[in-house]
1. Of the residues in region 125-158, how many are under 15 Å from the mean Cα position of the chain (by Cα) and over 30 Å from ARG46 (Cβ atoms)?
2. Search region 1-57 for residues being more than 14 Å from the chain's Cα centre (by Cα), in a helix (DSSP H, G or I) and polar (S, T, N, Q), and hand back the single one that is surrounded by the fewest Cβ atoms within 10 Å (Cβ to Cβ).
3. May I ask you to list the residues in region 98-144 that are in contact with a Ser or Thr (Cβ under 7 Å, 6 or more places away or on another chain), farther than 27 Å from VAL33 by Cβ, hydrophobic (A, V, I, L, M, F, W, C) and in a helix (DSSP H, G or I)?
4. Scanning for something at pLDDT 95 or above and of a type in the set (Ser, Thr, Tyr), does region 127-134 turn up at least one residue?
5. From ALA28, ALA45, grab the single residue that is farther than 30 Å from GLU153 by Cα and at pLDDT below 90.
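The values are calculated or read from the model by the stated rules, or taken from the named source; none is laboratory data. Treat the numbers as computed from the prediction; the structure is a model and nothing was measured. A quick note on method: Cβ atoms are made from the backbone with ideal geometry, for glycine too, and the neighbour counts reach across all protein chains shown.
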Amino acid sequence: MNLDVFLRTSRIFFIAMIMAVVVYAVLATVTAVITTEPAPQPELARQPFAQPLVLVMIVVAIVIFAMAVFARSKLMPPRHRGPGSGDGPKDPKAALGRLRSAEIVTWMLCDAIAACGLVLSMLSFEPLFTYAFGGPAILALLLFAPSRKLAEEVVWAAASE
């Protein structure tokens with residue numbers, strides 16, 4: 001697999017995941033602006049930190065981020081060869097496939113953080129929840145952005161066997 005094609009595809013997926021968070025924010029904002037019905041749980045908007053659901057969603061978002069870090073560490077192919085490098089793929093194409101899987105799973109979990117805010121926004125018609133969860137979700141996505149250096153290390157480690 002050509003590394004440039006791999007990186008281009010990864011960046012397309014990555015931008016799509018960031019755009020999903022933006023769509024959540026737009027959806028929450030439009031819902032708050034055009035909805036004339038009362039919110040299903042208006043107390044969420046009035047006193048958010050007094051509501052157990054808000055606190056639960058904050059904890060869920062933190063756990064999801066921890067799961068993203070853990071899943072990425074387990075799914076990533078080795079970036080170096082030698083003692084303790086594990087049983088990674090010996091084929092660069094397979095190593096890039098494993099890297100792609102690790103990236104997509106990580107990005108989906110980061111996107112789920114923003115979805116927690118969207119749930120709260122849909123229950124309260126308050127878009128600030130989506131913004132508050134979407135910001136850290138985008139930061140987490142940027143933390144795991146596709147990198148040429150990482151892809152090159154993965155290919156080099158797989159090819160050096």
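1. Residues that pass the stated criteria total 6.
2. By that ranking, first place goes to THR9.
3. Result: no residue meets the conditions.
4. Going through region 127-134, the residues at pLDDT 95 or above turn out to be 127-134.
After this cut, where a residue has to be of a type in the set (Ser, Thr, Tyr) as well, the list is 130-131.
The answer is yes; a qualifying residue exists.
5. On the way: ALA28 fails: at pLDDT below 90.
Among ALA28, ALA45, only ALA45 is farther than 30 Å from GLU153 by Cα and at pLDDT below 90.
Conditions (1) basic (Lys, Arg); (2) in contact (Cβ under 8 Å) with a residue 60 or more places away in the chain; (3) touching a His at 6+ places or on another chain (Cβ under 8 Å); (4) within 16 Å of VAL119 (Cβ to Cβ), marked per residue:
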| residue | (1), (2), (3), (4) |
| --- | --- |
| LEU55 | no, no, no, yes |
| VAL60 | no, no, no, yes |
| ARG72 | yes, yes, no, no |
| HIS80 | no, yes, no, no |
